[in-house]
Amino acid sequence: MVSEPFGDGTRCVHGGLVPAEPGGPVPPQPVMASQFHLSDDPSADFYGRAGNPTWRALESAIGALDGGSCVLYPSGMAAVSALMRVLLKPGDTVVLPSDGYYLGRSYVREHMNGLVVREVATTAAWTAETVAGAALVLLETPSNPGLDVCDITAIARLAHAAGALVAVDNTTASPLGQRPLALGADIALASDTKAVAGHSDVLLGHITTTDPDLVARLRTERTVSGAVPGPFEVWLAHRGLGTLDLRLARQAENAAALYDVLREHPAVRSVRWPGSPLDPAHEVAARQMRRFGGVISFELASAEAAARFLAASRLVSSATSFGGLHSNADRRARWGDAVPEGLLRLSCGCEDTRDLVADVLTALEAAI
Ligand SMILES: *Cc1c(COP(=O)(O)O)cnc(C)c1O
């Protein structure tokens, strides 16, 4: 396994490669089989829903980056919902971010029975009372779309004292940006649809934990529920992971440059990017994150101003999701997020910084 002391780029490029074999392929190859020749070896593959070499290759790569054992799911929400089904039973209390990805809240409220749901803002003053009686505390830091940050280590200490497990939705940070398990969380999960796959052409998610019993329960539940990713999608995401380090570096460069011009612009009311020392989340973010990504948010005067900005930009498409090669922006209020009408979440892509900054400045003229 390629792990420390190699750097992020090396680990992304080499993660999950099969051992070299003369005449064998260098990159991982997708194994599309649903059936395998049966064997007396109980660890051998036998049916595609239970496991296959393509899953194992990417699980090994992501698990090494997260620092645990990874279980893949067909989407980020499939990972979130599987975790809830496996860990929670009726009567349990679950603490969820009030300002995090909206479908997590919908799932526990509308699709699971009998849970006590406590919604807490990422920037709340977390105390023993906030987590009292909880079975699971789910954090999302940086949060989507607000880009607020909470102290994983401090909250994990509180939650563990209360007997709760702590899971962190690590989607915005990516496995290179933050290691929740090393910071004291029990579970890291993410939508790999975003930065890990990175090319806006596949949905995928994962859960990573160091608890072998939880890994076994997740794998069994995945097999029985049938919420399994297709090998081709997993292979695409593995191919994408190879350039995660490079893509994140360019995206963060673009975010830093855009942060500076947005901050100064008269059409922009506020701008957030935890990577900037000027951002209110920076102090905690800098302590617990390894590096920053390309997602920023900023507020224009109104929904109409945001629409004019999007219509005027040639490089920033109006689309939801983030972490891909192509810059995009999403007016989150349209999805019901409790944010100002003119707030845009902008996912910086891998365009040249000069081009992206010039394009955004031109589009902002239309938003004034
Ligand atoms: C996108 C996202 C999800 C859901 O992931 P899908 O792959 O779209 O199912 C969960 N959490 C966060 C923070 C996200 O941004």
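The values are calculated or read from the model by the stated rules, or taken from the named source; none is laboratory data. Computed from a predicted model, the values in this text were never measured in an experiment. Every residue, glycine among them, receives a Cβ derived from its backbone with ideal geometry; neighbour counts consider all protein chains shown. The area values use the complete protein model at the heavy-atom level, side chains included, leaving out ligands, DNA and RNA. Shrake-Rupley method; radii C 1.70, N 1.55, O 1.52, S 1.80 Å.
Details
- Any hit, region 61-72, residues being among the charged types (D, E, K, R) and under 24 Å from the mean Cα position of the chain (by Cα): yes
- Residue in region 170-189 that is surrounded by the fewest Cβ atoms within 10 Å (Cβ to Cβ), counting only those that are more than 10 Å from the ligand (Cβ to nearest atom) and closer than 20 Å to Leu236 by Cα: Leu176
- Close Cβ contacts (under 9 Å, 6 or more residues apart or on different chains) running from residues in region 265-277 that are farther than 12 Å from Ala366 by Cα to residues that are among the charged types (D, E, K, R) and assigned to a loop (DSSP other than H, G, I, E, B) comprise Val271/Asp279; Arg272/Asp148; Arg272/Asp279; Trp273/Asp279; Pro274/Asp148; Gly275/Arg291.
- Region 99-120, subset surrounded by fewer than 16 Cβ atoms within 10 Å (Cβ to Cβ) and assigned to a loop (DSSP other than H, G, I, E, B), residue modelled with the lowest pLDDT: Asn113
Each row is one residue, and each column tells you yes or no for (1) in a helix (DSSP H, G or I); (2) open to solvent by 50 Å² or more (accessible area, probe 1.4 Å).
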| residue | (1), (2) |
| --- | --- |
| Pro5 | no, yes |
| Arg11 | yes, no |
| Val18 | no, yes |
| Val31 | no, no |
| Asp41 | no, yes |
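- Ala195 being hydrophobic (A, V, I, L, M, F, W, C), out of contact with any helix residue (DSSP H, G or I) (no Cβ under 8 Å at 6 or more places or on another chain) and either more than 10 Å from the ligand (Cβ to nearest atom) or modelled with pLDDT of 95 or more (or both): no
- So Gly16, is it of a type in the set (Gly, Ala, Ser) and more than 24 Å from Arg247 (Cα to Cα): no
- Residues that are under 12 Å from Pro142 (Cβ atoms) and of a type outside the set (Val, Ile, Thr), drawn from region 295-324: Ser297, Phe322
- Residue among Arg332, Arg290, Arg308 that is in contact with a Leu (Cβ under 8 Å, 6 or more places away or on another chain), basic (Lys, Arg) and either assigned by TED's automatic domain parsing to the domain that holds Ala190 or crowded, with 17+ Cβ neighbours inside 10 Å (or both): Arg332
Yes/no matrix, rows are residues, columns are (1) buried (at least 24 other Cβ atoms within 10 Å of the Cβ); (2) at negative phi; (3) more than 10 Å from the ligand (Cβ to nearest atom); (4) touching a residue at least 40 places away in the same chain (Cβ under 8 Å):
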{"position": "Ser191", "(1), (2), (3), (4)": "yes, yes, no, yes"}
{"position": "His199", "(1), (2), (3), (4)": "no, yes, yes, yes"}
{"position": "Val202", "(1), (2), (3), (4)": "no, yes, no, no"}
{"position": "Ile207", "(1), (2), (3), (4)": "yes, yes, yes, yes"}
{"position": "Thr210", "(1), (2), (3), (4)": "no, yes, yes, yes"}
{"position": "Arg217", "(1), (2), (3), (4)": "no, yes, yes, yes"}
{"position": "Thr223", "(1), (2), (3), (4)": "no, yes, yes, yes"}
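- Cβ pairs under 7 Å, 6+ apart, first in region 90-119 and without any contact (Cβ under 8 Å) to a residue 12 or more places away in the chain, second assigned to a strand (DSSP E or B): Arg109/Val117
- Residues (away from the ligand (no atom under 16 Å from the Cβ) and of a type in the set (Ser, Thr, Tyr)) located in region 300-348: Ser302, Ser313, Ser317, Ser318, Ser327
- From the list Ala78, Ala64, Ala82, the lone residue that is within 16 Å of the ligand (Cβ to nearest atom), in contact with a Lys or Arg (Cβ under 8 Å, 6 or more places away or on another chain) and assigned by TED's automatic domain parsing to the domain that holds Glu233 is Ala82.
- With respect to the conditions (1) more than 14 Å from the ligand (Cβ to nearest atom); (2) buried (at least 23 other Cβ atoms within 10 Å of the Cβ), Ala132 lacks only one, and its number is (2).
- Residue, farthest from Thr171 (Cα to Cα), within region 44-78, restricted to residues that are touching a strand residue (DSSP E or B) at 6+ places or on another chain (Cβ under 8 Å), in contact (Cβ under 8 Å) with a residue 60 or more places away in the chain and hydroxyl-bearing (Ser, Thr, Tyr): Ser69
- Across region 335-366, the number of residues qualifying as closer than 21 Å to Gly146 by Cα and open to solvent by less than 10 Å² (accessible area, probe 1.4 Å) comes to 9.
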